[in-house]
Amino acid sequence: MAQSEYPLEKYYQDVFRFLRGISADEHLAEELTQETICRALKSIDSYRGEANFRVWLCSIAKNLYYSHCRKQRHESDAQYIDNLAADDGDFTRMIVDRETALQLHKILHGLGEPYKEIFSLRIFGELSFREIGELFGKTEHWACVTYHRAKRMMQAAMKKQA
């Protein structure tokens with residue numbers, strides 16, 4: 001498959017939004033998006049066309065993100081907060097936003113699979129139900145139903161914490 005058939009620049013923002021959504025870290029998303037594009041360029045001939053090209057790229061991106069997470073397990077939350085504080089002048093606002101985001105991510109983390117991943121792909125990755133279904137080898141309807149179940153679970157957990 002020729003590279004010109006699938007101009008990777010066209011998909012850069014989609015991959016970036018997907019990674020930003022699952023990582024909640026814009027800098028990491030930028031880095032991994034670039035790595036995703038490089039990997040895709042190296043293996044473009046292996047793309048068989050069975051899935052949507054954007055879905056194929058997001059699969060590469062997801063695998064890179066998971067590899068990154070495995071490598072970074074030893075980094076503490078305190079170190080992460082210190083790094084964010086150095087980047088943001090309004091520390092108080094950052095903490096409030098971080099606490100809210102952390103609460104939502106804790107709830108999301110507690111969801112079982114596939115609900116956790118479906119919810120993340122839909123909300124943070126901004127993928128359509130069709131694309132999510134393709135990624136899992138399921139139907140668009142399955143992705144929609146699974147997402148709405150995950151959403152109800154998230155809402156119930158948020159009400160419990162309120």
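Just so you know, all these numbers are worked out from the coordinates, no wet-lab data involved. Given the structure is predicted, the values throughout are model-derived calculations rather than measurements. Cβ coordinates were reconstructed from backbone atoms using ideal geometry, including for glycine residues, and neighbour counts include every protein chain displayed.
What ranking do 144-152, 129-137 get when scored by the average of other Cβ atoms within 10 Å per residue, highest first?
Numbers: 144-152: 16.3, 129-137: 18.9.
Packing order, densest peptide first, comes out as 129-137, 144-152.
Packing-wise, with mean Cβ within 10 Å as the measure, how do 114-125, 19-30 rank, highest first?
114-125, 19-30
Computed over the alpha-carbon pairs of segment 1-74, the distance histogram in 10 Å steps reads 20, 54, 22, 4, 0 percent, short to long. Of the residues S59, Q13, H27, the one whose Cα sits farthest toward the positive end of the charge dipole of segment 1-74, with +1 on the Cβ of Lys and Arg and -1 on the Cβ of Asp and Glu, is S59.
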